[in-house]
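Before any comments, here is the structure.
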Amino acid sequence: MVLKSAEKNQAGYGMLVLSGPSGSGKTTLVKRLLMTVPDLRFAISHTTRKRRPGETSGVDYHFVDKHEFKSMIDTRAFLEWARVHGQYYGTSWAALKPPGEEDGTLILDLDVQGAESVRERLPGSMSVFIMPPSLRELRRRLMDREPEWTDAMEKRLVAAKKEMSVHGAFDFVVVNDVLENALTALIHIACAVRQLTPLQSERVKAILGKKP
């Protein structure tokens, strides 16, 4: 069954959206979070960008060409999608609830545009913005990816500043200065999501329905 409302989403599992600029360490934190906290599931997005070394299709992303991606747009298969740095990224409705998986907390790794779309369409979700400790450190992290500073990297830094300016729209902000500290904060947030009142309603009903 495809979920298309906040009420349906909140009936079975929590949804935690993580976003942040390129170089914030978001992808690394998501991977560590999934390895650390039980009952977390990752919503695998679609993208048209090329696969990077060490990435696996169907695990990190569903890697597709632009023709297939646009066909999915036409059939309204996406909860959210955006064009970022010349490539397309999107989360399909089907990724929210694979067959037989209804419990736990769903993790979405999205850009700022995608996070905004999810907040609008599924207001029951919780969101976290991953913030770098400084612009100087962000620049250093971006430089670590390339042998020299390029115009494309400068554009990413400008885009990052713009993305960071909308951090106030998120429920939580985690500054990734020390990876382990940022991970600890995310672990607490992910665990707290499971305690949201709508997610505990069935359990509470069972407690109240039992005879003393």
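Check the range 157-175 and report whether any residue there is modelled with pLDDT under 90 and over 26 Å from Lys31 (Cβ atoms). The answer is no; no qualifying residue exists.
Here Lys161 clears all of (1) surrounded by fewer than 19 Cβ atoms within 10 Å (Cβ to Cβ); (2) among the charged types (D, E, K, R); (3) in contact with a Gly (Cβ under 9 Å, 6 or more places away or on another chain) except the condition numbered (3). If you check Gly104 against the conditions, is it at pLDDT below 90 and in contact with a strand residue (DSSP E or B) (Cβ under 8 Å, 6 or more places away or on another chain)? Yes, satisfied. Restricting Met72, Met35 to residues that are farther than 29 Å from Ser134 by Cα, at pLDDT 90 or above and of a type in the set (A, V, I, L, M, F, W, C) narrows the list to Met72. Can you go through Leu199, Leu183 and tell me which one is of a type outside the set (Phe, Trp, Tyr), touching a strand residue (DSSP E or B) at 6+ places or on another chain (Cβ under 7 Å), assigned to a helix (DSSP H, G or I) and within 30 Å of Gly104 (Cβ to Cβ)? Only one candidate passes the filter, namely Leu199.
Contact map, the range 107-130: residues that are within 15 Å of Ala82 (Cα to Cα) paired with residues that are small (Gly, Ala, Ser) and part of a loop (DSSP other than H, G, I, E, B), Cβ distance under 6 Å, separation 6+ or inter-chain. Pairs shown: Leu108/Ala43; Val118/Ser125.
Counting just the residues of the range 159-212 that are among the small types (Gly, Ala, Ser) and within 16 Å of the chain's Cα centre (by Cα), which one comes out nearest to Val84 (Cα to Cα)? Result: Ala169. Under the condition of being of a type outside the set (Val, Ile, Thr) and either out of contact with any helix residue (DSSP H, G or I) (no Cβ under 9 Å at 6 or more places or on another chain) or not in a loop (DSSP other than H, G, I, E, B) (or both), the residues counted in the range 11-38 number 13. Checked against (1) modelled with pLDDT of 95 or more; (2) over 25 Å from Arg140 (Cα atoms); (3) within 12 Å of the chain's Cα centre (by Cα), Phe63 passes all but a single condition, namely (3). Considering only the range 84-101, how many residues are surrounded by fewer than 14 Cβ atoms within 10 Å (Cβ to Cβ) and either modelled with pLDDT of 90 or more or touching a helix residue (DSSP H, G or I) at 6+ places or on another chain (Cβ under 9 Å) (or both)? Final tally of qualifying residues: 2.
For the range 114-137, the set of residues classified as more than 19 Å from Phe172 (Cβ to Cβ), in a helix (DSSP H, G or I) and not basic (Lys, Arg) consists of Leu135, Glu137, listed by residue number. Listed by first and then second residue, the pairs linking a residue in the range 68-82 that is more than 19 Å from Val112 (Cα to Cα) to a residue that is of a type in the set (Val, Ile, Thr) and in a loop (DSSP other than H, G, I, E, B), with Cβ atoms under 9 Å apart and 6 or more places separating them unless they lie on different chains, are Glu68/Thr48; Phe69/Thr48; Met72/Val64. Taken over the range 178-194, residues that are free of Cβ contacts under 8 Å to residues at least 12 places away in the same chain and under 14 Å from Leu40 (Cα atoms) amount to 2. Counting only residues that are in a helix (DSSP H, G or I), of a type in the set (A, V, I, L, M) and farther than 15 Å from Val112 by Cβ, the range 158-180 holds 1 of them.
The values are calculated or read from the model by the stated rules, or taken from the named source; none is laboratory data. Computed from a predicted model, the values in this text were never measured in an experiment. Because the Cβ atoms are built from the backbone with ideal geometry, glycine has one as well, and the counts that use them run over all protein chains shown.
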